[in-house]
Amino acid sequence: MAIIFCAEAFALAPSRRRNRNRLLQDGPAAHYGKSMTSITRPTIRLRPKKPAQPLRFGAPWAYADTLVIDRRARALAPGTIVTLEDGERQPLGTAAFNATSKISIRMLDTDPAAEIDQAWLESRLQTALTLREKLFDAPFYRLVHAEADGLPGVVIDRFGDSFVIQPNAAWADAMIDTLTAALIAVTGARAIYKNASGRTRALEGLDDTSSLLHGTIDGPVDVPMNGAAYRADLLGGQKTGLFYDQRPNHALAARLAKGGSVLDVFAHVGGFSLAALAAGATSALAVDASAPALALAEEGAQASGTAPRFTTREGDAFQVMDALAGEGRTFDTVICDPPAFAPAKPALEAGLRAYERVARLGAQLVAPGGTLVLCSCSHAADLDAFRTASLKGIGKAGRRAQIVATGGAGPDHPVHPYLAATSYLKAVFLRLMP
C-alpha cells in the first residue's frame, strides 16, 4: 500500500508508518536496491482535472504546480522514488520526486511497481550502449543523453574506457554509487569522473562538488574524431571535456573548407578547425578566450600532424573579430560556435541580439563566395529565431547569402519526442555570395 498524502495516511498500520518514517529520515539513497515489497513507497498525485494523458504517452516531467504537494510530500528527501498517480488515484508509473525543484516529477518507468536498482540501471545503460555501438566504430561518444535515453537528468560521455557523468537530477545524485556500479558492469569502465558543474544542478538543490568516482585519470585523453586527434580534459575542461554533439557539423564544415583558409571562433579545443585541417584546409586560426583550451587545441594539431598550418589567438571573440576586420583579414570559411547566449526564455531577446552581432562580425571576415557557419546551443532559441537573427546580422554586414544546409546534434544525442529542448543544437551553413 502506498502512502496517500491526505488524512487517510494517518490510518496506516504502525509497521507501515515506521517504514514511511524511515524513508523520510534516511532519504532515498538508503533504500535504493531494496525490494519494494519490503518498504512502503510514497505516492504523489496529480491535482484533480490535471491531464494525465501526456504522462501516460511518454511525457517525462510533471511540474510542481500540477501536483498535490502537501507537508508530508515536502518532507520527502529530494530524489525519493515514488509512485505517481493521476487525480483519480490511478497509477501512472514510477518516478523520482523533488519538492524543491520546479520539475518535481521525473518519470523513470511506466511500471508503477518498477524497482529502481542496479539491475534497472544496467538495463537502461545497455540499451543506450547498443545504439551507440551501432553508430560508432570507436568508443568515443555520448553514451546517455538524459531523458531521451530513459535516465532523466543524467548525461554520460565516453572517452574510451574513461567516462564523465553529470548527475543533474536529485535522484541520480542520490544513486551515484549504484549508477557507477552499473556503468562498470555494463561497459567495463576503468575510470569514472563526476562533473557537478552543470547549471541545472543548482535548480535541483544540488552542490557543485566534482569528484573521481572510480579509477584514475592522469591527464587529458586522446579522442580520434573526423580524421583529427583531439585532447579532452575530463577533469578541468568545459562540460565533460569535448563537445561530441558537433561531430556531424564538424564533418560538413570540414568538407566545405577543403583547400581554403579557416577562422574558427569560440574554438574551444579546436573542434571545427582541426577537422578542417584534417580534411585539407590550407590553414586555420582558432580563437578562444581560454588559454588552456587553446593549448589543448595546439596539442591536438600536433598529434594530428597539422601543427604547421594551425595558429591560435587568445582573446574575447568579439574583440578579436573586430581586430581581424581592422587588419583587412578574410577567410574562405568562418565558423562561429559561441556558448549559449539564450539558455532560458528570460535571456532570449538579449541572446538573439548577440547571435545577430556574431553573424555580422563573422560575415565581414568571409571572402567572396566563402562559407559562414553559425551555431547555437541555446535551448530557448529555436531554429527559426536563430536563423532570422543570423540573416539579419549578415544583412547588416552588407552581404547576401544562400543557406547551404542546416544541422543539429549527432545521433548519440537523441531527441525526446516530448522535449523540444533536447533538440537544442542548431548549425546554419551559408555561402556568402561574391
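The values are calculated or read from the model by the stated rules, or taken from the named source; none is laboratory data. All of these numbers come straight from a predicted model, not from anything done at the bench. Here the Cβ is made from the backbone with ideal geometry for all residues, glycine too, and neighbour counts use every protein chain on show.
With the checklist (1) assigned to a helix (DSSP H, G or I); (2) over 18 Å from G407 (Cα atoms); (3) in contact (Cβ under 8 Å) with a residue 12 or more places away in the chain; (4) within 31 Å of the chain's Cα centre (by Cα) in hand, flag the one item L324 doesn't pass.
For L324, the failing item is (4).
Name the single residue, out of those in the range 337-351 being surrounded by 22 or more Cβ atoms within 10 Å (Cβ to Cβ) and not acidic (D, E), that is farthest from A409 (Cα to Cα).
Only one residue fits best here, namely G351.
Quick one: count up the residues across the range 315-358 that are acidic (D, E) and modelled with pLDDT under 95.
0
Determine which member of the set D208, D177 is out of contact with any Phe, Trp or Tyr (no Cβ under 8 Å at 6 or more places or on another chain), surrounded by fewer than 23 Cβ atoms within 10 Å (Cβ to Cβ), in a loop (DSSP other than H, G, I, E, B) and among the charged types (D, E, K, R). It would help to see each step written out before you state the result.
Numbers: D177 fails: in a loop (DSSP other than H, G, I, E, B).
Unique residue meeting the criteria: D208.
Looking for whichever is under 25 Å from A363 (Cβ atoms), more than 18 Å from the chain's Cα centre (by Cα) and in a helix (DSSP H, G or I) here; the options are A267, A254. Which one fits?
On inspection, the qualifying residue turns out to be A254.
Say whether the condition of being assigned to a helix (DSSP H, G or I), within 23 Å of the chain's Cα centre (by Cα), modelled with pLDDT of 95 or more and not aliphatic (A, V, I, L, M) is met by at least one residue in the range 370-385.
Looking through the range 370-385, at least one residue is assigned to a helix (DSSP H, G or I), within 23 Å of the chain's Cα centre (by Cα), modelled with pLDDT of 95 or more and not aliphatic (A, V, I, L, M).
Going by the conditions given, is P417 over 20 Å from Q246 (Cβ atoms) and touching a residue at least 60 places away in the same chain (Cβ under 8 Å)?
Yes; evaluated as a whole, the condition is true for this residue.
Only one of these is crowded, with 24+ Cβ neighbours inside 10 Å and free of Cβ contacts under 8 Å to residues at least 60 places away in the same chain: A293, A284. Name it. It would help to see each step written out before you state the result.
Numbers: A293 fails: crowded, with 24+ Cβ neighbours inside 10 Å.
After applying the criteria, what remains is A284.
For residues that are surrounded by fewer than 19 Cβ atoms within 10 Å (Cβ to Cβ) and out of contact with any strand residue (DSSP E or B) (no Cβ under 9 Å at 6 or more places or on another chain), scanning just the range 357-384, find the one that is farthest from L324 (Cα to Cα).
It comes out as D384.
For the list (1) closer than 24 Å to A401 by Cβ; (2) buried (at least 17 other Cβ atoms within 10 Å of the Cβ); (3) of a type outside the set (D, E), I need the number of the one condition that A278 fails.
A278 satisfies every listed condition except (1).
Just to be sure I understand, how many residues within the range 211-221 are out of contact with any Lys or Arg (no Cβ under 6 Å at 6 or more places or on another chain) and hydroxyl-bearing (S, T, Y)?
Qualifying residue count for the region: 1.
Please state which of the following conditions F5 fails to meet, knowing it meets all the rest: (1) touching an Asp or Glu at 6+ places or on another chain (Cβ under 8 Å); (2) at pLDDT 95 or above.
Of (1) touching an Asp or Glu at 6+ places or on another chain (Cβ under 8 Å); (2) at pLDDT 95 or above, only one is false for F5: (2).
Sort out which residues of the range 78-112 are under 14 Å from A169 (Cβ atoms) and part of a loop (DSSP other than H, G, I, E, B), and write them in order of number.
Matches in the range 78-112: P78, G79, N98, A99, T100, S101, K102.
Taking R132, is it closer than 15 Å to Y244 by Cα and either over 12 Å from the mean Cα position of the chain (by Cα) or among the small types (G, A, S) (or both)? Can you show your working first?
On the way: closer than 15 Å to Y244 by Cα: yes; either over 12 Å from the mean Cα position of the chain (by Cα) or among the small types (G, A, S) (or both): yes.
Against the criterion (closer than 15 Å to Y244 by Cα and either over 12 Å from the mean Cα position of the chain (by Cα) or among the small types (G, A, S) (or both)), R132 qualifies.
Filter the range 180-205 down to residues that are of a type in the set (D, E, K, R) and assigned to a loop (DSSP other than H, G, I, E, B) and give me whichever is surrounded by the fewest Cβ atoms within 10 Å (Cβ to Cβ).
Residues of the range 180-205 of a type in the set (D, E, K, R): 190, 194, 199, 201, 204.
Then drop every residue that is not assigned to a loop (DSSP other than H, G, I, E, B), which leaves 190, 204.
Working: R190: 14, E204: 23.
Ranking the candidates gives R190 first.
Say we look at the range 91-128 and pick out the residues that are among the hydroxyl-bearing types (S, T, Y), more than 17 Å from E204 (Cα to Cα) and in contact with a strand residue (DSSP E or B) (Cβ under 8 Å, 6 or more places away or on another chain); which of these is surrounded by the fewest Cβ atoms within 10 Å (Cβ to Cβ)?
It comes out as T110.
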